[in-house]
Structures are given as structure tokens and as C-alpha cells.
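The values are calculated or read from the model by the stated rules, or taken from the named source; none is laboratory data. As the structure is a prediction and not an experimental result, all values here were calculated from the model. Cβ: placed from backbone, ideal geometry, glycine included. Neighbour counts: every protein chain shown. Note: accessible area is taken over every heavy atom of the protein model, side chains too, but ligands, DNA and RNA are not part of it. Shrake-Rupley method; radii C 1.70, N 1.55, O 1.52, S 1.80 Å.
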Amino acid sequence: MGQKTVRFSDLSGQLITHDDALARIVVPVEIEALTDEAEAIEQAALRVAVVDLYLPDDLEPRRIVMEADVFDKLATENPMDQLLIAARPVRRSPRTSAVGGSRGDRVDYSTLEHAGKPHKGKVTDTERQLVRDHLDEINQRLAGQGIRTISLADPDHVERYGLQGRTAELEFDMEESAVAAG
């Protein structure tokens, strides 16, 4: 049995039938200030909404500042204040400074090109299998890039990449071994 997700616009309640018609709107809501500063700001402030638009083909969001009353009127099915209270928290994409940080440039660790690189996220089954199947090749790539290699002697690495039962293979040059023994 399968599941189908149906999406509706939070603003109008209209059905969103295609992913390319889906846009995310983020409304930043928190800054910090001294109480006196905040009160002064409140007295002088215009009522505006700051909105980040994430349109389907854009790599970066578009920041929009609009009058709050105009923003409130965009919500036609439920009042905007109710809509904002019920909205899910913002999904922030991780910042990957090595590749530019935009959502479209996110590193795919389930490819041989990136598997085994240190990252905070969960190791997927695909990445784990790639590391098991291509450990030597991945370690050569990591070492060449100046990144830590995956060590069979490191219990965290063994667990993270499912390398239980693998043993560290030590390579010795016969001449070096003879010199060390003699």
C-alpha cells in the first residue's frame, strides 16, 4: 500500500498539484535588543513583514519587505496570526562552505566522489556500502584532499561505516622489515 501527500497553500487553501508550483515563505521573527532599545524601536516602527521567498528555480531566497496589513491580507482561508502560530518550524539547510552553501550545491555523500568525508549528518546505507566496498580508494582520495582517512582502528569509524569484522591490513616493505629486525 502506498501513500500520497496532498499539499495546500497555507495562505489560500488552494491545492498545490505540482512541486514546481510550490514555494516556501519564511518569516524571520526574532532579534535581540535591550528593553529600552526595543521600546524605542516599537514607538518608531512601521508595521511590516519581512519575508524570504524560496521559488522553485531560485538558488537563493528573495527577501521581501512589505506592509504588514498587505501581508495579513494574503491569508484568505484563515487569519494570518493563526496561520503563523500553526506553521511548522523553518527548515534550515546546513551550511556547506566548501561548496558554496546554497541548497542546490548540497554535498551528496552517497556518491563515490564524497563518501567517507567527515560530516555531521547521518550516514546513509548507500554511503556506508560505498565505504565498505571502496575503502582503500576512498582513503586515498581523502588523504589526497588532506582530509582524515577512515581508520579500522577507530571504533567510531568502524561503527559509523559498518566496518565490523574488517581487519586493518598492514603493508610492509620487505627491506624495511629486514632492517628493523636486524
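Confirm whether R47 is touching a helix residue (DSSP H, G or I) at 6+ places or on another chain (Cβ under 8 Å), open to solvent by 80 Å² or more (accessible area, probe 1.4 Å) and not polar (S, T, N, Q). So R47 fits the description; yes. Taking every residue in segment 63-76 that is touching a residue at least 40 places away in the same chain (Cβ under 8 Å) and under 13 Å from I25 (Cα atoms) and pairing it with any residue that is assigned to a helix (DSSP H, G or I) and open to solvent by less than 100 Å² (accessible area, probe 1.4 Å), at least 6 positions away or on another chain, the pairs with Cβ-Cβ distances below 7 Å are A75/L83. Filtering segment 152-182 down to residues that are at pLDDT below 90 and hydroxyl-bearing (S, T, Y), which residue is least open to solvent (accessible area, probe 1.4 Å)? My answer is S177. If only residues of segment 52-90 that are open to solvent by less than 50 Å² (accessible area, probe 1.4 Å) and either assigned to a strand (DSSP E or B) or of a type in the set (V, I, T) (or both) are counted, the one that is modelled with the highest pLDDT is M66.
Look at V6 and say whether it is β-branched (V, I, T), modelled with pLDDT of 80 or more and open to solvent by 70 Å² or more (accessible area, probe 1.4 Å). So V6 fits the description; yes.
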